[in-house]
Amino acid sequence: MPPSDAINSADSICVVQLTDSHLFADPQQRLLGLDTLASLNAVIDQVLDECPQIDLVLATGDITQDGSAAAYERFIDAVARIPQPCHWIPGNHDDAVLMAELGEERGLNRDWVDIGQWRIVLLDSSVSGSVAGYLDQQQLARLDQALSSAGQRHVLVCLHHHPVPIGSDWMEPIGLGNADQLLARLDAEPQVRGVLWGHIHQQLEQRRGTMRLLASPSTCVQFAVASSDFATDNQPPGYRWLRLYDDGRIDTAVSRLPPGSFLPQAGASGY
């Protein structure tokens, strides 16, 4: 159900998550045979069609495949079509230093965002030169400060890497290396209502106590669910919308492009 069919009320905000766009400096370059810029723009077209009332856009990492300034500029131009603020965090394919520089100029960087009755915390789990993620002491201190100063706000925590097992053997070693430290903090804070990430290129929804655990499809290539080895999936690209209510409830779903849209090349490798 797209958010336009959900109840739009004054006691909630609407957030759109775009993740794992994997853009290139060269617009002719492809990821596993797929045009990632075209697929991102098609997803944004669908966001604009389905979400008449957006309050915030979150881009949860792997904005680019090559960490280039030109690719980041293409993402910035594409997401600017959505006339609401966007904030981003880096993934393992990104250049976090360059993102920080470009994001400072464009207002894309935030430690956290207070909107409505919610605080949305943005953590950098990327590690230079590593596919797996880790929250260093600076990031954990940022989280501690965000939680301790949130007051009566509900909290949604965002990062790139998955902090829980997802049932895909090849992806387990490349998740969040110190997930136990993150989850111990979140378990102790009842105002944390959700954790949102990208990286796994597939939809996942779990519960952990009172927390919703949410992962979302990429705007380009999709990964096969519960796969022992790297494998792509024939589901189309998509995005996640979240309606965050003043009482702490989260209404959320994934919306995808039509079946058959932007499929990876059969047998392609090199992700």
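Every number in this text was worked out from the coordinates using simple rules, so none of it is lab data. Please read these numbers as outputs of a predicted model, since none were measured by experiment. With ideal geometry, Cβ positions are generated from the backbone for all residues, glycine too; neighbour counts draw on all protein chains shown.
Right, SER218: out of contact with any helix residue (DSSP H, G or I) (no Cβ under 7 Å at 6 or more places or on another chain) and either among the acidic types (Asp, Glu) or more than 27 Å from PHE24 (Cα to Cα) (or both) or not? Considered against the rule, which asks whether it is out of contact with any helix residue (DSSP H, G or I) (no Cβ under 7 Å at 6 or more places or on another chain) and either among the acidic types (Asp, Glu) or more than 27 Å from PHE24 (Cα to Cα) (or both), SER218 comes out as no. Residues that are within 20 Å of SER21 (Cβ to Cβ) and aliphatic (A, V, I, L, M) within segment 237-252 comprise just one, LEU242.
Restricting attention to segment 219-265, the residues that are more than 21 Å from TRP118 (Cα to Cα), among the acidic types (Asp, Glu) and touching an Asp or Glu at 6+ places or on another chain (Cβ under 8 Å) total 1.
Based on what the data block shows, is ASP233 touching a residue at least 24 places away in the same chain (Cβ under 8 Å) and closer than 27 Å to LEU147 by Cβ? For ASP233, the condition - touching a residue at least 24 places away in the same chain (Cβ under 8 Å) and closer than 27 Å to LEU147 by Cβ - is not met.
Just checking, how many residues over segment 175-190 are of a type in the set (A, V, I, L, M, F, W, C) and assigned to a loop (DSSP other than H, G, I, E, B)? Counting residues in segment 175-190 that are of a type in the set (A, V, I, L, M, F, W, C) and assigned to a loop (DSSP other than H, G, I, E, B) gives 1. Out of all the residues in segment 177-194, is one or more touching a Ser or Thr at 6+ places or on another chain (Cβ under 7 Å), without any contact (Cβ under 8 Å) to a residue 24 or more places away in the chain and surrounded by fewer than 16 Cβ atoms within 10 Å (Cβ to Cβ)? Yes, some residue in segment 177-194 is touching a Ser or Thr at 6+ places or on another chain (Cβ under 7 Å), without any contact (Cβ under 8 Å) to a residue 24 or more places away in the chain and surrounded by fewer than 16 Cβ atoms within 10 Å (Cβ to Cβ).
Just to be sure before I move on: is GLY167 at negative phi, touching a residue at least 40 places away in the same chain (Cβ under 8 Å) and either surrounded by fewer than 17 Cβ atoms within 10 Å (Cβ to Cβ) or of a type in the set (Gly, Ala, Ser) (or both) in the structure I sent? Steps first, answer last, please.
Working: at negative phi: no; touching a residue at least 40 places away in the same chain (Cβ under 8 Å): yes; either surrounded by fewer than 17 Cβ atoms within 10 Å (Cβ to Cβ) or of a type in the set (Gly, Ala, Ser) (or both): yes.
Judged against the criteria, GLY167 is not a match.
Return the residue satisfying two criteria in turn: it lies in segment 22-60 and is among the charged types (D, E, K, R) and under 23 Å from TYR271 (Cα atoms), and of such residues it is farthest from the chain's Cα centre (by Cα). This residue is ASP26. If you go through segment 13-54 and keep only what is among the charged types (D, E, K, R) and crowded, with 22+ Cβ neighbours inside 10 Å, you end up with just ASP20. Among the residues of segment 104-126, those that are in contact with a strand residue (DSSP E or B) (Cβ under 6 Å, 6 or more places away or on another chain) and either of a type in the set (A, V, I, L, M) or buried (at least 20 other Cβ atoms within 10 Å of the Cβ) (or both) comprise LEU108, TRP112, VAL113, ILE115, TRP118, ARG119, ILE120, VAL121, LEU122, ASP124, SER125.
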